[in-house]
Amino acid sequence: MTDRTTARVVGVLFIVATVAFTLAVVILQPVLGAPDYLASASLSGTRVGTGVLFELINHIAVVGIAVAIYPVLKRFSKRLALGYVAARSIEATLFAVGTMYLLALVTVSREFVAAGSPPASHFQALGSMLLSGHDWDNAAMAFIAFGAGTIVLNYALYRTRLVPRWLSVWGLVSAALIVAARVMVIYGIEPSLTIQTALDGPIALQEMALATWLIVKGFNPSAFAPEPEGQA
């Protein structure tokens with residue numbers, strides 16, 4: 001695969017991952033955010049299944065990004081290339097754990113409805129635990145891994161000048177913001193919707209800008225000019 005093709009593949013995968021994750025949130029939120037989420041999950045099997053499918057597409061795409069760009073980054077720094085693959089693999093694994101919580105929640109919801117939806121039952125306690133696990137994993141842990149991977153990638157891009165440095169700096173700053181937002185959640189600080197949007201928005205825009213650049217422009221050819229390899 002040529003460098004130009006690699007850039008296009010990486011750009012497309014960034015878009016696929018972002019669109020799939022966004023659709024999963026939009027599809028699942030009405031079910032998971034409902035006061036009677038157990039009954040809602042049981043009655044919305046198709047909706048939940050579709051949301052899970054988009055989550056799985058996201059998990060595959062984020063690993064695909066790291067695998068696709070690995071041969072390019074490896075020419076400059078094998079450590080950074082491996083670090084990016086590792087970070088995105090951890091991110092995908094953590095997101096997959098959240099998806100497993102969701103699938104388990106669907107099973108519990110069906111048992112809950114089959115039992116006649118008893119109030120204050122062990123189904124509700126178990127459902128609450130599974131929903132909390134899904135939310136914690138998706139809202140905090142996986143995004144910290146995502147932020148770490150974003151820092152590694154944009155540092156590598158900054159060093160190599162494979163894309164304009166302003167784009168890499170934007171990515172580094174945006175990654176720091178999203179990690180800060182998730183650390184706040186871990187410490188029990190719930191930012192307002194406005195603050196959350198301000199912290200999360202820049203990375204979404206940067207990834208789409210990076211994806212567009214890679215698809216349209218590709219990697220900077222001058223970055224591959226003959227010179228001593230970057231040190232790992």
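The magnitude of the dipole of the chain, with charges of +1 and -1 set on the Cβ of Lys/Arg and Asp/Glu and taken from the Cα centre, is near 880 debye.
Could you work out how much longer the chain between A39 and V25 gets when fully extended? Use 0.36 nm per residue separation minus the Cα distance between them, nm to one decimal. Before the final figure, lay out each step's value.
Numbers: separation 14, 0.36 × 14 = 5.04 nm, distance 1.90 nm.
Result: 3.1 nm gained on full extension.
Dipole orientation for the stretch 101-189: of the candidates A114, H134, L167, L167 has the Cα lying most toward the positive pole (charges on Cβ; Lys, Arg +1; Asp, Glu -1). For the chain, complete DSSP H runs whose alpha carbons reach 24 Å or more along their own long axis and whose mean Kyte-Doolittle score is 0.0 or higher are 3-32, 45-74, 78-114, 142-160, 165-186, 193-216.
Please list 140-153, 187-200, 79-92, 204-217 highest first by mean number of surrounding beta-carbon atoms within 10 Å per residue. All intermediate terms of the calculation are to be shown ahead of the outcome.
Values: 140-153: 22.1, 187-200: 11.4, 79-92: 20.4, 204-217: 17.1.
Result, highest mean first: 140-153, 79-92, 204-217, 187-200.
Per-peptide packing, taken as the mean over residues of other Cβ atoms within 10 Å, places 124-137, 51-64 in the sequence 51-64, 124-137 from highest down.
Computed from the coordinates by the stated procedures, all read-outs in this text should not be read as laboratory data. Computed from a prediction, not measured in an experiment: that's the story for all the values here. Using ideal geometry, Cβ is built from the backbone for each residue, glycine included, and neighbour counts are taken over all protein chains shown.
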